[in-house]
Amino acid sequence: SHPPLCPPGIKCGGVLSAPSGNFSSPNFPGLYPYETECTWLIVVAEGSSVLLSFSHFELEYHDACAYDYLQVYNGAARDRGNLLGTFCGRSPPPPFSSAWHVMAVVFRSDRHVAKHGFAAAYRKDACGGQLTGLSGEITSPRYPESYPNDAECRWSIGGASSGGPLTLVFADFQMEGGQGCGFDYVALFDGPSISAPRLGRYCGSTRPPRTVSSTPHLLIIFKSDFNIGGRGFKAHFYSAGECQEVFTAVKGNFSSPQYPNFYPNNLKCQWRIQLPPGYRVKVFFLDMELEGRSSLTGGCDYDHLSAFDGGTENGSLLGRWCGRESLAPLTSRSNRLLLVLHTDRNTAKRGFSISYVGVVPMNVSCTRTDFHIQIPVQSLAQLERNRIYLGTPSCAAQVVGRNFKIHTRFDTCGTESQRRNNTSVIVSTLYIDFSVGDQEDIHQYEVQCEPKRKEASVTLIAGPDPSRLSQAENLVDAQQREGEAMDAHEMKSQDTSDIVFISICILAGLLMVIAVVGLVLL
(Lines give C-alpha, C1' and ligand atoms only; values in the text may rest on other atoms or scores of the structure.)
Protein backbone atom coordinates (compact mmCIF):
# COMPACT_ATOMS: atom_id res chain seq x y z
CA SER A 1 0.00 0.00 0.00
CA HIS A 2 1.21 3.47 -0.85
CA PRO A 3 0.92 6.25 1.69
CA PRO A 4 -1.13 9.24 0.66
CA LEU A 5 0.39 12.60 -0.18
CA CYS A 6 -0.17 14.88 2.76
CA PRO A 7 -3.59 16.50 2.22
CA PRO A 8 -3.79 20.23 2.97
CA GLY A 9 -6.02 19.81 6.03
CA ILE A 10 -4.17 16.96 7.75
CA LYS A 11 -3.65 17.39 11.52
CA CYS A 12 0.07 17.75 11.91
CA GLY A 13 2.05 19.55 14.60
CA GLY A 14 0.81 22.37 16.81
CA VAL A 15 1.31 23.86 20.27
CA LEU A 16 0.96 21.43 23.21
CA SER A 17 0.42 23.34 26.45
CA ALA A 18 -1.24 20.77 28.75
CA PRO A 19 0.91 19.44 31.65
CA SER A 20 1.17 16.11 29.80
CA GLY A 21 0.10 14.61 26.48
CA ASN A 22 0.77 12.37 23.49
CA PHE A 23 1.43 12.99 19.81
CA SER A 24 2.46 10.92 16.79
CA SER A 25 3.32 11.10 13.09
CA PRO A 26 0.34 11.56 10.69
CA ASN A 27 -1.66 8.33 10.05
CA PHE A 28 0.14 6.49 12.86
CA PRO A 29 0.22 3.46 13.17
CA GLY A 30 -0.25 3.48 9.40
CA LEU A 31 2.38 4.71 6.96
CA TYR A 32 3.09 8.42 7.17
CA PRO A 33 2.45 10.56 4.05
CA TYR A 34 5.15 11.72 1.62
CA GLU A 35 6.50 15.28 1.61
CA THR A 36 5.27 16.15 5.07
CA GLU A 37 6.70 18.53 7.63
CA CYS A 38 5.24 18.85 11.14
CA THR A 39 6.43 20.88 14.14
CA TRP A 40 5.16 20.33 17.68
CA LEU A 41 5.98 23.05 20.21
CA ILE A 42 5.62 21.83 23.81
CA VAL A 43 5.21 24.64 26.33
CA VAL A 44 4.80 23.99 30.07
CA ALA A 45 4.93 26.28 33.11
CA GLU A 46 8.10 28.37 33.44
CA GLY A 47 10.51 26.87 35.94
CA SER A 48 9.52 23.35 34.83
CA SER A 49 11.15 21.13 32.24
CA VAL A 50 9.65 18.81 29.62
CA LEU A 51 10.21 15.05 29.83
CA LEU A 52 9.87 13.48 26.35
CA SER A 53 9.89 9.76 25.52
CA PHE A 54 9.15 7.61 22.45
CA SER A 55 7.13 4.36 22.60
CA HIS A 56 7.41 3.58 18.88
CA PHE A 57 9.88 4.75 16.23
CA GLU A 58 10.36 3.66 12.59
CA LEU A 59 11.53 6.07 9.87
CA GLU A 60 13.33 5.58 6.57
CA TYR A 61 17.03 4.98 7.32
CA HIS A 62 19.98 7.00 6.02
CA ASP A 63 23.50 7.34 7.49
CA ALA A 64 23.08 11.10 7.93
CA CYS A 65 19.25 11.04 8.27
CA ALA A 66 19.07 13.12 5.08
CA TYR A 67 15.74 11.71 3.82
CA ASP A 68 13.09 11.27 6.53
CA TYR A 69 14.01 12.44 10.02
CA LEU A 70 12.86 13.59 13.44
CA GLN A 71 14.64 16.41 15.29
CA VAL A 72 14.36 17.31 18.96
CA TYR A 73 15.14 20.88 20.08
CA ASN A 74 15.92 22.14 23.56
CA GLY A 75 13.70 25.21 23.07
CA ALA A 76 12.22 26.76 19.94
CA ALA A 77 12.59 24.81 16.71
CA ARG A 78 14.94 25.48 13.81
CA ASP A 79 17.69 26.85 16.03
CA ARG A 80 20.77 24.68 15.62
CA GLY A 81 22.18 25.98 18.88
CA ASN A 82 19.28 24.18 20.61
CA LEU A 83 19.35 20.94 18.58
CA LEU A 84 19.50 17.88 20.85
CA GLY A 85 19.60 15.35 18.01
CA THR A 86 18.44 14.18 14.58
CA PHE A 87 17.03 10.63 14.33
CA CYS A 88 15.89 8.12 11.69
CA GLY A 89 15.78 4.36 11.14
CA ARG A 90 14.44 1.98 13.78
CA SER A 91 16.45 3.05 16.85
CA PRO A 92 14.25 5.31 19.00
CA PRO A 93 15.68 8.53 20.44
CA PRO A 94 16.58 8.35 24.14
CA PRO A 95 14.28 10.00 26.70
CA PHE A 96 14.91 13.75 26.76
CA SER A 97 14.51 16.38 29.43
CA SER A 98 14.50 19.97 28.21
CA ALA A 99 16.72 22.57 29.82
CA TRP A 100 13.81 25.03 29.98
CA HIS A 101 10.04 25.00 29.75
CA VAL A 102 9.91 24.80 25.95
CA MET A 103 10.75 21.85 23.69
CA ALA A 104 10.19 21.40 19.96
CA VAL A 105 9.91 18.28 17.80
CA VAL A 106 10.15 18.42 13.99
CA PHE A 107 9.17 15.52 11.70
CA ARG A 108 9.92 15.57 7.98
CA SER A 109 9.41 13.04 5.17
CA ASP A 110 10.58 13.23 1.57
CA ARG A 111 8.87 12.00 -1.61
CA HIS A 112 10.10 8.36 -1.40
CA VAL A 113 9.84 5.42 1.04
CA ALA A 114 7.40 5.77 3.95
CA LYS A 115 7.39 3.87 7.25
CA HIS A 116 5.05 3.66 10.24
CA GLY A 117 6.46 6.73 11.99
CA PHE A 118 6.55 7.38 15.73
CA ALA A 119 4.51 7.80 18.88
CA ALA A 120 5.71 10.07 21.70
CA ALA A 121 4.56 11.17 25.15
CA TYR A 122 5.57 14.16 27.23
CA ARG A 123 4.91 15.41 30.74
CA LYS A 124 5.80 18.41 32.82
CA ASP A 125 8.52 17.66 35.32
CA ALA A 126 8.11 20.02 38.30
CA CYS A 127 11.79 19.96 39.09
CA GLY A 128 14.86 17.96 38.23
CA GLY A 129 15.45 15.71 35.28
CA GLN A 130 18.08 14.32 32.95
CA LEU A 131 19.57 17.15 30.87
CA THR A 132 21.57 16.21 27.78
CA GLY A 133 21.83 19.49 25.85
CA LEU A 134 25.03 21.44 25.28
CA SER A 135 23.60 24.29 27.32
CA GLY A 136 20.53 25.10 29.36
CA GLU A 137 18.95 26.79 32.33
CA ILE A 138 17.65 25.35 35.59
CA THR A 139 15.60 27.05 38.29
CA SER A 140 14.18 26.08 41.64
CA PRO A 141 10.43 25.18 41.62
CA ARG A 142 8.14 28.24 41.17
CA TYR A 143 11.13 30.57 40.66
CA PRO A 144 11.14 33.58 41.07
CA GLU A 145 8.28 33.01 43.54
CA SER A 146 9.18 31.39 46.85
CA TYR A 147 10.01 27.69 46.47
CA PRO A 148 7.79 25.09 48.23
CA ASN A 149 8.66 23.39 51.51
CA ASP A 150 9.76 19.74 51.62
CA ALA A 151 10.99 19.78 48.03
CA GLU A 152 13.78 17.65 46.62
CA CYS A 153 14.95 17.96 43.01
CA ARG A 154 17.81 16.28 41.15
CA TRP A 155 19.22 17.51 37.86
CA SER A 156 21.66 15.14 36.21
CA ILE A 157 23.52 16.96 33.43
CA GLY A 158 25.68 15.08 30.95
CA GLY A 159 25.86 12.88 27.89
CA ALA A 160 26.23 15.76 25.40
CA SER A 161 28.10 14.93 22.22
CA SER A 162 31.01 17.24 23.07
CA GLY A 163 31.87 15.13 26.13
CA GLY A 164 33.77 18.03 27.71
CA PRO A 165 33.68 19.43 31.25
CA LEU A 166 30.51 21.22 32.35
CA THR A 167 30.40 24.78 33.63
CA LEU A 168 27.61 25.92 35.97
CA VAL A 169 26.97 29.61 36.67
CA PHE A 170 24.37 30.92 39.14
CA ALA A 171 22.61 34.08 37.95
CA ASP A 172 20.48 34.43 41.11
CA PHE A 173 20.53 32.71 44.52
CA GLN A 174 18.45 33.32 47.64
CA MET A 175 17.64 30.52 50.10
CA GLU A 176 17.26 29.94 53.81
CA GLY A 177 20.68 30.20 55.45
CA GLY A 178 22.16 28.41 58.43
CA GLN A 179 25.49 27.08 59.63
CA GLY A 180 26.55 24.07 57.59
CA CYS A 181 23.57 24.58 55.24
CA GLY A 182 21.55 21.96 57.11
CA PHE A 183 18.07 23.32 56.29
CA ASP A 184 17.64 24.35 52.63
CA TYR A 185 20.57 23.86 50.27
CA VAL A 186 21.93 23.20 46.79
CA ALA A 187 24.62 20.50 46.54
CA LEU A 188 26.85 19.93 43.51
CA PHE A 189 28.60 16.64 42.66
CA ASP A 190 31.40 16.04 40.15
CA GLY A 191 29.74 13.11 38.40
CA PRO A 192 26.38 11.45 37.70
CA SER A 193 25.56 10.36 41.29
CA ILE A 194 25.96 11.39 44.96
CA SER A 195 28.86 8.93 45.27
CA ALA A 196 30.92 11.33 43.10
CA PRO A 197 33.15 13.95 44.79
CA ARG A 198 31.15 16.85 46.18
CA LEU A 199 31.95 20.21 44.57
CA GLY A 200 30.06 22.32 47.09
CA ARG A 201 26.99 22.81 49.29
CA TYR A 202 25.39 26.25 49.29
CA CYS A 203 22.62 28.19 51.04
CA GLY A 204 21.86 31.76 52.15
CA SER A 205 21.94 34.72 49.76
CA THR A 206 25.53 34.62 48.46
CA ARG A 207 25.76 33.37 44.91
CA PRO A 208 27.85 30.19 44.63
CA PRO A 209 31.05 30.54 42.59
CA ARG A 210 31.31 29.46 38.95
CA THR A 211 31.77 25.68 39.03
CA VAL A 212 33.55 23.55 36.43
CA SER A 213 33.30 19.76 36.59
CA SER A 214 36.28 17.52 35.87
CA THR A 215 34.04 14.97 34.13
CA PRO A 216 31.31 15.27 31.44
CA HIS A 217 28.68 14.84 34.19
CA LEU A 218 27.32 17.09 36.92
CA LEU A 219 24.65 16.32 39.54
CA ILE A 220 22.71 19.19 41.18
CA ILE A 221 20.50 18.51 44.21
CA PHE A 222 18.08 21.08 45.64
CA LYS A 223 16.44 20.37 49.01
CA SER A 224 14.13 22.43 51.22
CA ASP A 225 12.90 21.61 54.74
CA PHE A 226 9.48 22.13 56.38
CA ASN A 227 9.63 25.93 56.86
CA ILE A 228 11.26 29.24 55.83
CA GLY A 229 11.84 29.50 52.10
CA GLY A 230 13.25 32.03 49.67
CA ARG A 231 13.23 33.08 46.06
CA GLY A 232 15.40 30.10 45.15
CA PHE A 233 17.90 30.09 42.34
CA LYS A 234 18.44 30.43 38.62
CA ALA A 235 21.51 28.91 37.00
CA HIS A 236 22.74 28.09 33.52
CA PHE A 237 25.12 25.41 32.37
CA TYR A 238 27.11 24.73 29.24
CA SER A 239 29.32 21.96 27.95
CA ALA A 240 32.14 23.90 26.36
CA GLY A 241 35.55 23.48 27.93
CA GLU A 242 37.05 26.05 25.55
CA CYS A 243 34.76 28.76 26.92
CA GLN A 244 36.86 30.08 29.82
CA GLU A 245 40.54 30.48 28.99
CA VAL A 246 43.50 32.59 30.12
CA PHE A 247 46.41 33.20 27.72
CA THR A 248 49.85 34.38 28.86
CA ALA A 249 51.90 33.38 25.79
CA VAL A 250 53.08 36.18 23.51
CA LYS A 251 50.82 34.87 20.75
CA GLY A 252 47.86 32.51 20.48
CA ASN A 253 44.52 31.78 18.90
CA PHE A 254 41.06 30.70 20.02
CA SER A 255 37.52 30.37 18.72
CA SER A 256 33.94 30.18 19.91
CA PRO A 257 32.83 26.78 21.31
CA GLN A 258 32.37 24.13 18.58
CA TYR A 259 33.60 26.50 15.83
CA PRO A 260 33.11 26.25 12.85
CA ASN A 261 29.89 24.45 13.86
CA PHE A 262 27.13 26.44 15.55
CA TYR A 263 27.92 27.63 19.07
CA PRO A 264 25.57 26.63 21.95
CA ASN A 265 22.93 29.03 23.22
CA ASN A 266 22.92 30.64 26.67
CA LEU A 267 26.67 31.09 27.00
CA LYS A 268 28.88 33.61 28.67
CA CYS A 269 32.44 32.82 27.61
CA GLN A 270 35.53 34.76 28.63
CA TRP A 271 39.01 34.77 27.12
CA ARG A 272 41.65 36.72 29.06
CA ILE A 273 44.98 37.69 27.51
CA GLN A 274 47.57 38.72 30.10
CA LEU A 275 51.01 39.75 28.85
CA PRO A 276 54.05 41.27 30.65
CA PRO A 277 53.99 44.98 31.59
CA GLY A 278 54.54 47.35 28.66
CA TYR A 279 53.10 44.99 26.06
CA ARG A 280 49.93 45.67 24.17
CA VAL A 281 47.68 43.02 22.61
CA LYS A 282 46.88 43.07 18.90
CA VAL A 283 43.85 40.95 17.94
CA PHE A 284 43.07 39.69 14.44
CA PHE A 285 39.49 38.69 13.61
CA LEU A 286 39.94 35.83 11.14
CA ASP A 287 36.23 34.96 10.86
CA MET A 288 33.04 36.11 12.59
CA GLU A 289 29.36 35.28 12.19
CA LEU A 290 27.03 35.86 15.16
CA GLU A 291 23.30 36.48 15.43
CA GLY A 292 22.51 39.85 13.79
CA ARG A 293 21.48 43.21 15.20
CA SER A 294 18.10 43.91 16.78
CA SER A 295 15.62 45.24 14.22
CA LEU A 296 14.09 47.42 16.97
CA THR A 297 17.18 49.12 18.39
CA GLY A 298 19.80 48.49 15.71
CA GLY A 299 22.15 47.34 18.49
CA CYS A 300 23.88 44.05 19.29
CA ASP A 301 21.20 43.09 21.84
CA TYR A 302 21.19 39.32 21.28
CA ASP A 303 24.42 37.37 20.72
CA HIS A 304 27.52 39.58 20.82
CA LEU A 305 31.28 39.64 21.31
CA SER A 306 32.79 42.42 23.43
CA ALA A 307 36.40 43.49 24.06
CA PHE A 308 37.47 45.25 27.28
CA ASP A 309 40.79 46.91 27.98
CA GLY A 310 42.51 46.00 31.24
CA GLY A 311 41.31 42.41 31.60
CA THR A 312 37.95 42.95 33.36
CA GLU A 313 34.45 43.98 32.31
CA ASN A 314 34.98 47.15 34.38
CA GLY A 315 37.66 48.22 31.89
CA SER A 316 36.95 50.51 28.96
CA LEU A 317 34.90 48.92 26.18
CA LEU A 318 37.01 48.70 23.00
CA GLY A 319 34.25 47.23 20.84
CA ARG A 320 31.03 45.23 20.73
CA TRP A 321 30.16 43.22 17.62
CA CYS A 322 27.47 40.95 16.24
CA GLY A 323 26.20 39.69 12.89
CA ARG A 324 28.56 38.94 10.06
CA GLU A 325 31.34 41.48 9.99
CA SER A 326 34.83 41.80 8.60
CA LEU A 327 36.73 43.58 11.35
CA ALA A 328 40.04 45.44 11.26
CA PRO A 329 42.70 44.37 13.79
CA LEU A 330 42.26 45.78 17.29
CA THR A 331 45.10 46.85 19.59
CA SER A 332 44.67 47.18 23.36
CA ARG A 333 45.92 50.18 25.31
CA SER A 334 47.34 48.01 28.09
CA ASN A 335 48.94 44.58 28.54
CA ARG A 336 45.60 42.94 29.39
CA LEU A 337 42.58 42.30 27.20
CA LEU A 338 39.28 40.53 27.93
CA LEU A 339 36.99 39.15 25.20
CA VAL A 340 33.46 38.12 26.25
CA LEU A 341 30.94 36.17 24.17
CA HIS A 342 27.27 36.36 25.23
CA THR A 343 24.69 34.15 23.51
CA ASP A 344 20.97 34.15 24.30
CA ARG A 345 18.38 31.37 24.19
CA ASN A 346 18.00 31.10 20.44
CA THR A 347 19.41 31.71 16.95
CA ALA A 348 22.96 30.33 17.01
CA LYS A 349 25.50 30.90 14.23
CA ARG A 350 28.98 29.73 13.22
CA GLY A 351 30.81 31.93 15.74
CA PHE A 352 34.31 33.36 15.41
CA SER A 353 38.00 32.58 15.08
CA ILE A 354 40.59 34.96 16.53
CA SER A 355 44.38 35.13 16.76
CA TYR A 356 46.45 37.59 18.76
CA VAL A 357 50.05 38.68 19.16
CA GLY A 358 51.75 40.68 21.88
CA VAL A 359 53.21 43.96 20.62
CA VAL A 360 56.65 44.28 22.23
CA PRO A 361 57.23 47.69 23.86
CA MET A 362 60.12 49.43 22.13
CA ASN A 363 61.48 52.84 21.27
CA VAL A 364 62.96 53.38 17.81
CA SER A 365 64.68 56.63 16.86
CA CYS A 366 67.14 57.60 14.14
CA THR A 367 69.65 60.22 13.12
CA ARG A 368 70.79 60.95 9.56
CA THR A 369 73.16 57.99 9.75
CA ASP A 370 72.07 55.61 12.54
CA PHE A 371 69.22 53.55 14.02
CA HIS A 372 68.71 53.48 17.82
CA ILE A 373 66.41 50.74 19.22
CA GLN A 374 65.61 50.18 22.90
CA ILE A 375 63.49 47.41 24.46
CA PRO A 376 63.07 47.01 28.26
CA VAL A 377 64.78 43.80 29.41
CA GLN A 378 61.79 42.96 31.63
CA SER A 379 59.59 42.74 28.52
CA LEU A 380 61.77 39.96 27.10
CA ALA A 381 63.14 38.65 30.39
CA GLN A 382 63.33 35.04 29.24
CA LEU A 383 65.32 35.82 26.06
CA GLU A 384 69.08 35.97 25.53
CA ARG A 385 70.32 39.13 23.79
CA ASN A 386 71.24 37.17 20.63
CA ARG A 387 67.50 36.42 20.12
CA ILE A 388 66.96 40.12 19.32
CA TYR A 389 68.71 41.33 16.19
CA LEU A 390 68.39 43.82 13.34
CA GLY A 391 68.65 42.43 9.82
CA THR A 392 71.11 39.61 10.56
CA PRO A 393 72.04 37.63 13.72
CA SER A 394 75.45 39.39 13.75
CA CYS A 395 73.64 42.62 14.65
CA ALA A 396 72.31 41.37 18.00
CA ALA A 397 71.22 43.61 20.85
CA GLN A 398 73.48 44.60 23.73
CA VAL A 399 72.29 44.77 27.34
CA VAL A 400 72.79 48.31 28.64
CA GLY A 401 71.36 48.86 32.12
CA ARG A 402 67.72 47.74 32.03
CA ASN A 403 67.40 47.80 28.24
CA PHE A 404 68.29 45.76 25.20
CA LYS A 405 69.90 48.26 22.81
CA ILE A 406 70.78 48.18 19.14
CA HIS A 407 72.76 51.15 17.79
CA THR A 408 73.80 50.66 14.18
CA ARG A 409 74.76 52.66 11.11
CA PHE A 410 72.56 52.59 8.00
CA ASP A 411 75.23 50.84 5.90
CA THR A 412 75.14 47.69 8.07
CA CYS A 413 72.61 45.16 9.47
CA GLY A 414 70.59 44.51 6.33
CA THR A 415 69.36 48.09 5.97
CA GLU A 416 68.35 49.25 2.53
CA SER A 417 67.28 52.51 0.97
CA GLN A 418 63.80 52.70 -0.58
CA ARG A 419 61.53 55.38 -2.00
CA ARG A 420 58.07 55.52 -0.44
CA ASN A 421 55.59 58.27 -1.28
CA ASN A 422 58.36 60.09 -3.17
CA THR A 423 60.47 60.15 -0.02
CA SER A 424 63.80 58.43 0.55
CA VAL A 425 63.63 56.11 3.58
CA ILE A 426 65.96 53.60 5.23
CA VAL A 427 64.33 50.25 6.09
CA SER A 428 65.41 47.15 8.03
CA THR A 429 63.77 44.24 9.86
CA LEU A 430 63.98 43.68 13.61
CA TYR A 431 63.71 40.01 14.58
CA ILE A 432 62.63 38.81 18.03
CA ASP A 433 63.02 35.04 18.34
CA PHE A 434 60.59 33.48 20.83
CA SER A 435 61.18 29.93 19.50
CA VAL A 436 61.15 27.07 22.01
CA GLY A 437 62.61 23.70 21.00
CA ASP A 438 61.35 22.71 17.55
CA GLN A 439 58.54 25.30 17.63
CA GLU A 440 59.79 28.19 15.51
CA ASP A 441 58.25 31.50 16.57
CA ILE A 442 60.05 34.55 15.19
CA HIS A 443 58.26 37.90 15.30
CA GLN A 444 59.28 40.56 12.78
CA TYR A 445 58.99 44.33 12.98
CA GLU A 446 59.85 46.67 10.13
CA VAL A 447 61.88 49.66 11.34
CA GLN A 448 61.94 52.70 9.06
CA CYS A 449 63.76 56.02 9.15
CA GLU A 450 63.29 59.17 7.12
CA PRO A 451 66.82 60.63 7.49
CA LYS A 452 66.01 64.16 6.33
CA ARG A 453 63.40 64.59 9.07
CA LYS A 454 65.05 62.10 11.47
CA GLU A 455 61.67 60.41 12.00
CA ALA A 456 61.52 56.69 12.85
CA SER A 457 58.63 54.24 12.98
CA VAL A 458 58.18 50.55 13.71
CA THR A 459 55.46 48.23 12.35
CA LEU A 460 54.58 44.64 13.24
CA ILE A 461 54.90 42.72 9.95
CA ALA A 462 54.82 39.08 11.07
CA GLY A 463 53.01 37.73 14.10
CA PRO A 464 50.37 35.02 14.45
CA ASP A 465 49.83 34.37 10.75
CA PRO A 466 51.70 36.56 8.24
CA SER A 467 49.23 35.80 5.43
CA ARG A 468 46.48 37.45 7.47
CA LEU A 469 48.40 40.64 8.27
CA SER A 470 47.57 42.56 5.12
CA GLN A 471 47.16 45.88 6.90
CA ALA A 472 49.96 46.56 9.33
CA GLU A 473 49.67 49.60 11.56
CA ASN A 474 52.24 51.92 13.01
CA LEU A 475 52.81 50.86 16.58
CA VAL A 476 55.30 53.35 17.95
CA ASP A 477 53.27 56.56 17.60
CA ALA A 478 50.43 55.09 19.63
CA GLN A 479 52.81 53.72 22.26
CA GLN A 480 54.42 57.10 22.77
CA ARG A 481 51.02 58.85 22.85
CA GLU A 482 49.79 56.45 25.48
CA GLY A 483 52.85 56.95 27.65
CA GLU A 484 53.96 53.34 27.40
CA ALA A 485 57.36 54.11 25.92
CA MET A 486 60.42 54.67 28.05
CA ASP A 487 61.50 57.67 30.04
CA ALA A 488 62.00 60.75 27.86
CA HIS A 489 65.67 61.04 28.83
CA GLU A 490 66.37 57.52 27.59
CA MET A 491 64.19 57.92 24.48
CA LYS A 492 66.10 60.86 22.98
CA SER A 493 69.31 59.62 21.42
CA GLN A 494 71.94 62.35 21.03
CA ASP A 495 72.48 63.16 17.39
CA THR A 496 76.16 64.09 17.79
CA SER A 497 76.78 64.30 14.06
CA ASP A 498 74.18 67.06 13.75
CA ILE A 499 75.57 68.95 16.77
CA VAL A 500 79.07 68.89 15.28
CA PHE A 501 77.72 69.96 11.88
CA ILE A 502 75.81 72.92 13.38
CA SER A 503 78.82 73.94 15.52
CA ILE A 504 81.08 74.03 12.46
CA CYS A 505 78.52 76.16 10.59
CA ILE A 506 78.33 78.67 13.48
CA LEU A 507 82.15 78.81 13.79
CA ALA A 508 82.53 79.35 10.03
CA GLY A 509 79.96 82.13 10.18
CA LEU A 510 81.81 83.88 13.00
CA LEU A 511 85.14 83.61 11.18
CA MET A 512 83.52 85.09 8.04
CA VAL A 513 82.12 88.04 10.05
CA ILE A 514 85.55 88.71 11.61
CA ALA A 515 87.19 88.56 8.17
CA VAL A 516 84.67 91.03 6.68
CA VAL A 517 85.09 93.43 9.63
CA GLY A 518 88.87 93.17 9.27
CA LEU A 519 88.71 94.02 5.56
CA VAL A 520 86.47 97.05 6.24
CA LEU A 521 88.85 98.35 8.91
CA LEU A 522 91.81 97.94 6.58
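Taking the criterion of being polar (S, T, N, Q) and surrounded by fewer than 20 Cβ atoms within 10 Å (Cβ to Cβ), the residues of the stretch 376-402 that qualify are Gln378, Gln382, Asn386, Thr392, Ser394, Gln398. The selection criterion, being touching a Gly at 6+ places or on another chain (Cβ under 7 Å) and more than 30 Å from Glu137 (Cα to Cα), does not hold for Cys322.
Within the stretch 325-354, the set of residues being over 29 Å from Gly136 (Cα atoms), in contact with an Asp or Glu (Cβ under 9 Å, 6 or more places away or on another chain) and assigned to a strand (DSSP E or B) comprises Thr331, Arg336. Of everything in the stretch 251-300 that is of a type in the set (Asp, Glu) and in contact with a Ser or Thr (Cβ under 9 Å, 6 or more places away or on another chain), the residue that is most open to solvent (accessible area, probe 1.4 Å) is Asp287.
Go through the stretch 234-257 and give me each residue that's outside any loop (DSSP other than H, G, I, E, B) and over 23 Å from Gly191 (Cα atoms).
Result: Val246, Phe247, Lys251, Gly252, Asn253, Phe254, Ser255.
Going by the conditions given, is Arg368 surrounded by fewer than 23 Cβ atoms within 10 Å (Cβ to Cβ) and under 19 Å from Leu460 (Cβ atoms)? So Arg368 fails the test. Among the residues of the stretch 200-214, are any closer than 25 Å to Lys268 by Cα, in contact (Cβ under 8 Å) with a residue 40 or more places away in the chain and surrounded by 18 or more Cβ atoms within 10 Å (Cβ to Cβ)? Scanning the stretch 200-214, I find at least one residue that is closer than 25 Å to Lys268 by Cα, in contact (Cβ under 8 Å) with a residue 40 or more places away in the chain and surrounded by 18 or more Cβ atoms within 10 Å (Cβ to Cβ), so the answer is yes.
Of the residues making up the stretch 93-110, those that are surrounded by fewer than 21 Cβ atoms within 10 Å (Cβ to Cβ) and either farther than 10 Å from Tyr73 by Cα or in contact with a helix residue (DSSP H, G or I) (Cβ under 7 Å, 6 or more places away or on another chain) (or both) are Pro93, Pro94, Pro95, His101, Arg108, Asp110. Can you run down the residue pairs with Cβ atoms below 6 Å, 6 or more apart or on separate chains, where the first is in the stretch 180-194 and closer than 16 Å to Ser205 by Cβ and in the same structural domain as Ser224 (by the TED database) and the partner is surrounded by 19 or more Cβ atoms within 10 Å (Cβ to Cβ) and of a type in the set (S, T, N, Q)? Once the first residue is closer than 16 Å to Ser205 by Cβ and in the same structural domain as Ser224 (by the TED database) and sits in the stretch 180-194, its partners that are surrounded by 19 or more Cβ atoms within 10 Å (Cβ to Cβ) and of a type in the set (S, T, N, Q) give Asp184/Ser224. When the residues of the stretch 215-233 are filtered to those that are of a type in the set (S, T, N, Q) and over 17 Å from Ile138 (Cα atoms), which remaining residue is least open to solvent (accessible area, probe 1.4 Å)? Among residues in the stretch 215-233 that are of a type in the set (S, T, N, Q) and over 17 Å from Ile138 (Cα atoms), the one least open to solvent (accessible area, probe 1.4 Å) is Thr215. Note on the stretch 409-424: residues that are crowded, with 18+ Cβ neighbours inside 10 Å and within 27 Å of Gly278 (Cβ to Cβ) amount to 2. As a summary of the residue check, Arg78 satisfies the conditions (1) surrounded by fewer than 18 Cβ atoms within 10 Å (Cβ to Cβ); (2) in a loop (DSSP other than H, G, I, E, B); (3) at pLDDT 80 or above except for the one numbered (3). Within the stretch 301-318, if we keep just the residues that are within 28 Å of Asn82 (Cβ to Cβ) and open to solvent by 10 Å² or more (accessible area, probe 1.4 Å), the residue that is modelled with the highest pLDDT turns out to be His304. Highlighted here are the strands (runs of 3 or more DSSP E) found entirely within the stretch 134-233 that include at least 1 residues which are over 23 Å from Gly75 (Cβ atoms): 152-158, 167-174, 185-189, 198-202, 217-223. Residues in the stretch 263-298 that are within 16 Å of Cys322 (Cα to Cα), part of a strand (DSSP E or B) and among the basic types (Lys, Arg): Lys268 alone.
The values are calculated or read from the model by the stated rules, or taken from the named source; none is laboratory data. Everything quoted here is computed from the prediction, not taken from an experiment. Cβ atoms come from the backbone with ideal geometry, glycine included; neighbour counts cover every protein chain shown. When the accessible area is computed, the model is the full protein with side chains, heavy atoms only, and any ligands, DNA or RNA have been set aside. Shrake-Rupley method; radii C 1.70, N 1.55, O 1.52, S 1.80 Å.
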